[in-house]
1. Could you list all residues from the range 11-33 that are surrounded by fewer than 14 Cβ atoms within 10 Å (Cβ to Cβ) and in contact (Cβ under 8 Å) with a residue 24 or more places away in the chain?
2. Do we find that residue 243 is closer than 30 Å to residue 292 by Cβ and in the same structural domain as residue 293 (by TED's automatic domain parsing) in this structure?
3. Could you please let me know if residue 435 is buried (at least 19 other Cβ atoms within 10 Å of the Cβ), in a helix (DSSP H, G or I) and at pLDDT 80 or above?
4. Residues being outside any loop (DSSP other than H, G, I, E, B), of a type outside the set (Phe, Trp, Tyr) and closer than 17 Å to residue 68 by Cβ: count how many of those fall in the range 91-140.
5. Name the residues in the range 241-290 that are of a type in the set (Gly, Ala, Ser) and part of a loop (DSSP other than H, G, I, E, B), would you?
6. Confirm whether residue 210 is touching a helix residue (DSSP H, G or I) at 6+ places or on another chain (Cβ under 9 Å), at negative phi and outside the structural domain of residue 11 (by TED's automatic domain parsing).
7. In this structure, does residue 126 turn out to be modelled with pLDDT under 85 and in contact with a strand residue (DSSP E or B) (Cβ under 8 Å, 6 or more places away or on another chain)?
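The values are calculated or read from the model by the stated rules, or taken from the named source; none is laboratory data. If you're wondering where the values come from, they're calculated on a predicted model, not measured in any experiment. For neighbour counting, all protein chains shown are included, and Cβ atoms are generated from backbone atoms with ideal geometry for every residue, glycine included.
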Amino acid sequence: MAEVFWRRASVRLRTTAAAVLVVAIVLVVGGFVLVALVRDSLHDGVEATAEQRASELVDQIATTGLPASGTAESDGDEDPEDDDEDDEVELDDLVWQVIDRNGAVVRSSQPLDRPVARDDHDEASLPGGEDPYLVVTDEAAGGLVVVVAVSLEDLEESTAALVGPLVVGLPLLLVLLGGTTWVVVTRALAPVERIRREVEQITGDRLDRRVPEPPAQDEIHRLAHTMNLMLGRLEDSRTKQQQFVADASHELRSPLASIRQTAEVASAHPGALPEGELATAVLEEGARMQRLVEQLLMLTRADEGAPRRSHDVDLDDLALAEARRVRRSGLAVDTSGVAPGRVRGDEVALAQVVRNLVDNAARHAVATLAIAVRDVVGGVELVVDDDGPGIPEADRARVFERFVRLDEARARDAGGSGLGLAIVGEIVASHGGGVQVSTSPLGGARFVVRLPAESPS
């Protein structure tokens, strides 16, 4: 039950309880230690007083004989009835006796009805005394024993005077500590509560909201700042996702509309279209849709961080295979710059990079394109050039965005979806490489892909 309560308790309550408990233990132990030390110190003082007085009496006996007594009990002349007249004897704080070999008191500072116990450094109760006395003994000349007893009344009173404030003060101190801790923790956690309330209002449709960042440059400020950065990334991701869905819908709508339009004309006006025109249109637009869907799936896997199969890939073999494929279309392909180049990565994905770059160059080339593979420090470079119109410098960063076409009409006619270079950028980045666009020596565009020799961990 206590464990369940502790788990459900707030941080403020648990912090306050833990602080009060720890300090309470420390204060109680410290209080006991303090009382014990003070009592031992006072006890040592009383003991030193008794030993000093006993030493003085021993020296006096050795030099001048027995000291003067506060009673005449050794004379035997007192009337026994006198003892009845003084039933109560008020004891001094320091009482001494000189006792002979037979245990009889020969001198004493005060009349007592019996000798003081001779247990050295022990506490004893004396007749007529309310508080215990500390007893110290010392041997004197002639077989005599000096017994000195010092009252412990001052020690008890001093101890009681110390314990009283501790008993009252320690609880008050704990209450003050608990209240202070409660207030401090409450103020410290106030920004957390404001952050919690704001996060509670954030939904998938309101990712533009941000949590408040407290002015203090502490851990809570860093937490709020990190959460705002996370919300910013989520908002960007949602925006890109929405844009991606909108662009994909737009791209898919175009071939569907073309198929439907052709089918409607064939249905409404039989014979208006040449024989096989409908089938040709459906096949062409279907192939276009298939390429688009495949590219969308590839981008989706890249966004999800799908694991790649990593092994040695000969980039020069991939480049030569694409060159042979493009030559069949009638373009001249220069592969004189293809040298052996091996990287570590996913062969299927890297083959897609080479194909997309070569297809992009083939769509824009007038008559010639060139492919080169070369070793560089720390990796391998793939270079694809064409003799087309090139890419304006202001648009060179945009070409790797999704569904971007610099020449909209020609890209559609050539079968471009605006995803090929975006796929190149995603795959190259996932392999730890980079891709750049510049002006080709052939007059068109030059794409340079640099891949590390080793796959990134």
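1. Of everything in the range 11-33, those that are surrounded by fewer than 14 Cβ atoms within 10 Å (Cβ to Cβ) and in contact (Cβ under 8 Å) with a residue 24 or more places away in the chain turn out to be 11, 28.
2. Here the answer is yes, as residue 243 does meet what is asked.
3. In short, no.
4. 9
5. Answer for the range 241-290, where residues must be of a type in the set (Gly, Ala, Ser) and part of a loop (DSSP other than H, G, I, E, B): 271, 272, 276.
6. When the stated conditions are applied, residue 210 passes them.
7. Against the criterion (modelled with pLDDT under 85 and in contact with a strand residue (DSSP E or B) (Cβ under 8 Å, 6 or more places away or on another chain)), residue 126 qualifies.
Let's see how each residue does on (1) over 15 Å from residue 354 (Cβ atoms); (2) modelled with pLDDT under 85:
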{"position": "382", "(1), (2)": "no, no"}
{"position": "388", "(1), (2)": "yes, no"}
{"position": "400", "(1), (2)": "yes, yes"}
{"position": "407", "(1), (2)": "yes, yes"}
{"position": "422", "(1), (2)": "yes, yes"}
